Amino acid sequence: MNLLWIAVAAVLVAAIAAGAWFMRSRGAGEDRSKGSLDFLDTLTSWEPTPTRVLTSQERLAYAVLAKALPDYVILAQVPLSRFLKVPTRNSYTEWLSRVGQLCADLVVCDHSSEVVAVVDVRQPPSQASERNRKRHERMGRVLKAAGIPLHVWIENALPSPEAAREAILSKMSAAAAKAAAGPAAAKGPVPAKAAGKALPTLADETEGVSPDEVIELGEPPPSTWFDDLETRPAPLKPPTPPRTPPR
């Protein structure tokens, strides 16, 4: 009889231990799936390998821009959050998830590294997916609101350097004239000397000027991943209604 009770007790202890182990392992699995996956090593779990920044058509478009605008700085695959500033009264995280991580294929910068034009290299409309089309449209709306001229180039139908230069400089001059005529002109100098003229290049601005006379240029927006940018948490709390003072 004693042996029977001992056997039953052993079975109960083993069952309790197995149940506790199962619950711990299940909880750990849920924590891993729901958490930030910090238990994965950055290098071993996502082994990095180098790859190309541009596609073949984007490389051809870059070559066209380099020939068309030799006095300007041409950059590739720049996130919008790197050259656009937005107010932080709303969640910067939310804005970043919507459009901030979209990359402009090619950007044209003046001597102060300010973006003055964007070139978007797209597939023919018949080959573009619905998701791809919506992404390009979203980026176009943002650039239009920022006042940055957007040039859409179709793959396998890229313009010549001469045609690209004429189109880009004419749009930049038109944008500069519009900025000079608007209320924003009172906030500071416009990027163009006058309507109908190309923007000043680095050679124009630094000719005959010593290094000590160069004015310090403005800094770009903070880090793309907002390491040094303070913003309100997401989601934002609803605004508190103003209190009515007692009578």
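The values are calculated or read from the model by the stated rules, or taken from the named source; none is laboratory data. The model shown is predicted, which means the values in this text are computed figures rather than measured ones. All Cβ positions, glycine included, derive from the backbone under ideal geometry; neighbour counts span all protein chains shown.
Within segment 118-133, is even one residue touching a residue at least 24 places away in the same chain (Cβ under 8 Å), under 19 Å from Pro161 (Cα atoms) and out of contact with any Leu (no Cβ under 8 Å at 6 or more places or on another chain)? Checked against the condition, which is being touching a residue at least 24 places away in the same chain (Cβ under 8 Å), under 19 Å from Pro161 (Cα atoms) and out of contact with any Leu (no Cβ under 8 Å at 6 or more places or on another chain), segment 118-133 yields at least one hit. Being more than 21 Å from Lys144 (Cα to Cα), surrounded by 11 or more Cβ atoms within 10 Å (Cβ to Cβ) and of a type in the set (Gly, Ala, Ser) is the requirement here; does Ala76 meet it? Spelling it out, it is not the case that Ala76 is more than 21 Å from Lys144 (Cα to Cα), surrounded by 11 or more Cβ atoms within 10 Å (Cβ to Cβ) and of a type in the set (Gly, Ala, Ser). Only one of the numbered conditions (1) surrounded by 15 or more Cβ atoms within 10 Å (Cβ to Cβ); (2) assigned to a helix (DSSP H, G or I) is not met by Val86, and that is (2).
Annotation: of all residues in segment 89-110 being small (Gly, Ala, Ser) and either loosely packed, with under 15 Cβ neighbours inside 10 Å or assigned to a helix (DSSP H, G or I) (or both), the one that is farthest from the chain's Cα centre (by Cα) is Ser97.
Taking the conditions (1) in contact with a Phe, Trp or Tyr (Cβ under 7 Å, 6 or more places away or on another chain); (2) over 24 Å from Ser160 (Cβ atoms); (3) of a type in the set (Val, Ile, Thr) in turn, Val78 satisfies each one other than (1). State whether the residues of segment 54-68 include one that is of a type outside the set (D, E, K, R), surrounded by fewer than 16 Cβ atoms within 10 Å (Cβ to Cβ) and under 12 Å from the mean Cα position of the chain (by Cα). No, there is no match, as no residue in segment 54-68 is of a type outside the set (D, E, K, R), surrounded by fewer than 16 Cβ atoms within 10 Å (Cβ to Cβ) and under 12 Å from the mean Cα position of the chain (by Cα). Of all residues in segment 147-181, those that are free of Cβ contacts under 8 Å to residues at least 40 places away in the same chain, surrounded by 14 or more Cβ atoms within 10 Å (Cβ to Cβ) and among the charged types (D, E, K, R) total 1. Does segment 153-167 contain any residue that is in a strand (DSSP E or B), touching a Lys or Arg at 6+ places or on another chain (Cβ under 9 Å) and under 24 Å from Arg52 (Cβ atoms)? Yes.
Would you mention how many residues in segment 46-100 are more than 27 Å from Pro124 (Cβ to Cβ) and among the aliphatic types (A, V, I, L, M)?
4
Consider segment 29-73 and keep the residues that are at pLDDT below 90 and of a type in the set (Gly, Ala, Ser). The one that is farthest from Leu150 (Cα to Cα) is Gly29.
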